[in-house]
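Scroll down for the structure; my scribbles are underneath it.
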Amino acid sequence: MPAFNCPIKHDGRSIGDFAIMPLKTNARGPAPIISNKETEDIVDVVISYFRPNVLHKLYEIESHSDRTFIYGILYVSECIKIIAKQKEKSSAVKQLNAKAVQTFSIPGDSKFPLNSVYKAPSSSEKQDLRDYIMQMRIEIGQRLVDIIYKNGPSEPSKVGSFC
């Protein structure tokens, strides 16, 4: 069975070939905001498709949305590694917030691991892309913590069941 592609089709703004998709978030940044909390956004899709996609080695990229989706899945993986080491929700929140805003590479940077599948943004768009990715990272971390600690601040559900 092949990996799932991003089911949200995006015809809006892209930076390089990274889709700037709307988010349900309070974090400041360039993403268009979805005010209807019932509407599914890219973070919802990334989290719900993480488990079925994480074990695939091959992924056929069909759109800019897929590149945003791939980045999100890889970031969820990083977040789960951090959460697995935390016993309390408050420490998980603190660690994930620090991870979200720490210096990170974007497409086009020499240390970005997937430059072969991402086009570098123009120099005038680099900061917007960095801001969008940070906004997305913050939102992914917040939602993962809410899911994994749904039983209480010191009762994480099995992080391994996410993988």
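The table that follows gives values for the structure above.
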{"quantity": "Dipole of region 14-162 [Lys/Arg +1, Asp/Glu -1 at C-beta], most positive-end residue of GLN86, VAL76, ILE33", "calculated": "GLN86"}
{"quantity": "Difference of contour (0.36 nm per residue) and Cα-Cα distance, SER105 to ILE61", "calculated": "13.8 nm"}
{"quantity": "Simple spin-label estimate for ASP44 and LYS119 in nanometres, 7 Å along Cα-Cβ", "calculated": "3.0 nm"}
{"quantity": "Restraint check, LYS57/LYS81; LYS87/LYS150; LYS57/LYS150; LYS9/LYS119; LYS89/LYS111, Cα-Cα greater than 21 Å", "calculated": "LYS57/LYS150; LYS89/LYS111"}
{"quantity": "Ranked by how many other beta carbons lie within 10 Å on average, peptides 64-75, 114-125, 86-97 from highest", "calculated": "64-75, 86-97, 114-125"}
{"quantity": "Rounded Å value of the spacing that divides the Cα centres of region 25-58 and region 92-117", "calculated": "17 Å"}
{"quantity": "The chain, dipole about Cα centre (Lys/Arg Cβ +1, Asp/Glu Cβ -1), debye to the nearest 20", "calculated": "620 debye"}
{"quantity": "Hits among aspartates and glutamates - C-alpha to C-alpha of LYS37 under 13 Å, sequence gap 8 or more where chains match", "calculated": "none"}
{"quantity": "Spacing of the two label points (7 Å from each Cα toward its C-beta) at LYS81 and ILE147, in nm", "calculated": "1.9 nm"}
{"quantity": "Those aspartates and glutamates that a straight Cα-Cα span of less than 15 Å connects to LYS94, excepting residues fewer than 8 apart in one chain", "calculated": "GLU78, GLU139, ASP146"}
{"quantity": "Size of region 14-162 as Cα extents on the principal axes (Å, biggest first)", "calculated": "44, 34, 30"}
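Every read-out reported here was derived from the displayed coordinates using simple, explicitly stated rules and does not represent laboratory data. As the structure is a prediction and not an experimental result, all values here were calculated from the model. Note: ideal-geometry Cβ built from the backbone for every residue, glycine included; neighbour counts use all protein chains shown.
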